[in-house]
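What follows is a set of notes on a single structure, which appears directly below.
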Amino acid sequence: MPTQEITNYINEARKSGLSDQEIRENLLRTGWPENEVSGAFEIPATPTPPNDQATEGKTLVSILAYIGIFVLIPYFSGDAKKDEFIKFHTQQGIVLFIIEVGLFIISAIIPIIGIFSIFFAFGLLILSILGIVNVAKGQKKDLPLVGRYGKKIRI
């Protein structure tokens, strides 16, 4: 059974781009026994989730789509045209933003509705949070009630 130290070294060396052969030679050169080194390579490598800068950038831009007027950033930057994931969440965010603006205008015109608009605003906040959670999970999932309208928005 290989030690945790060897296993950790192998995982870190793989992340840095070394081949298994180079890792094996380094371990043997530093005095690790052949049977422990061989045993460590029989254990499957621990998968690392893709977390490169491109994925992080895509996630950040998609999250912006659910934060009110910030939906305009992915829309006008052209990111929504280049990437289907960003496009999907931008479409969903535009629907929420249109509803938010409409709610604001109606509340300004008819003050009595302003009293009830807080409940609608809370519902929109919940939908925005659901959208952000979907982005964080890497899912393209329609929001309840309003998600189907996002597909009708052309980007």
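The values are calculated or read from the model by the stated rules, or taken from the named source; none is laboratory data. Since the model is a prediction, treat every value here as computed from it, not as a measurement. Glycine gets a Cβ as well: all are built from the backbone with ideal geometry, and neighbour counts include every protein chain shown.
Summary of computed values
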{"quantity": "Of all residues in region 87-141 being hydroxyl-bearing (Ser, Thr, Tyr) and within 23 Å of residue 60 (Cα to Cα), the one that is surrounded by the fewest Cβ atoms within 10 Å (Cβ to Cβ)", "calculated": "128"}
{"quantity": "Any hit, region 37-59, residues being at pLDDT 85 or above and assigned to a loop (DSSP other than H, G, I, E, B)", "calculated": "no"}
